[in-house]
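A short worksheet on the structure shown next.
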Amino acid sequence: MKKPSQINFQCIHCNKQIPIHPYMGTSHRNHCPFCLWSKHVDEQKAGDRLSQCQEEMEPIGLTFKHERIDKYGKQKQGELIIVHICTKCGKININRIAGDDDEKIILSLLNQTDVSKEALASLKALKIDILGKQENSQVQKQLFGIKHV
C-alpha cells in the first residue's frame, strides 16, 4: 500500500491532477507544481498530515533554508524554499521546491509585494526572510545553475 504522501492528488486551487513520482525531489508534496498553491495538511512537521484546517495555502514568497557551515568551515547556501500562508487560519509553512515546479511561477514570487503586516510579523517571529528582486541571481543559480546576466 502507498503512503498517503505518495498518492496523486488534485490541486485545491487550480484543480489540476498532481502526479507523484520519485524524481520530484521531495517525499512530502502538498503543493501544486503548476500554480504552487498548497493545502494546509501538516500541523507540526512536514509529512505529519495532522492539520484539521485543510484550507488553501497561498504561496507568498521564497526563502533559503537556513545557511550552515560545511565540514570545511565554508558558509553554505541553503536550498530554495516556498513560503505558504493559510488563507483560513494564517499558519505559515515552508515547502521544498520540487523538481517539476514551474520555474516562471517560482521566479514571480520574487515580485510579491502584497504580504500583510500580520504575515510579515509572523515571518519575522519564525526567522523567515522573504527573498526579493535583489536575490534574483542567487535564485536563478539555485534553479538553473547559472548566474542571471
| field | Positive-end residue, the chain charge dipole about Cα centroid, Cβ charges, pick of 111, 37, 123 | value | 123
| request: State the three equivalent ellipsoid semi-axes of region 4-144, derived from the C-alpha gyration tensor as the square roots of 5 times its eigenvalues, in descending order and whole Å. | output: 23, 19, 16
| message | Charges at C-beta only: +1 for Lys and Arg, -1 for Asp and Glu. How large is the resulting dipole of the chain about its Cα centre, in Debye rounded to 20? | response | 440
| field | Helical contribution to [θ] at 222 nm, DSSP H n ≥ 4, -39,500 (n - 2.57), averaged over the chain, rounded to 500 | value | -4500 deg cm²/dmol
| What relative contact order, as a whole-number percentage, does the chain give when Cα pairs under 8 Å and 6 or more residues apart are counted? | 18
| field | Whole-Å semi-axes of region 86-149's equivalent ellipsoid (Cα gyration tensor) | value | 24, 14, 11
| Dipole magnitude of region 101-149 about its Cα centre, charges +1 at Lys/Arg Cβ and -1 at Asp/Glu Cβ only, in debye to the nearest 20? | 220
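Bear in mind that the values in this text are calculations on the coordinates, not laboratory data. Note that the coordinates shown come from a computational prediction; the quantities given were computed from them, not determined experimentally. Note that each Cβ is placed from the backbone with ideal geometry, even for glycine, and that neighbours are counted across all protein chains shown.
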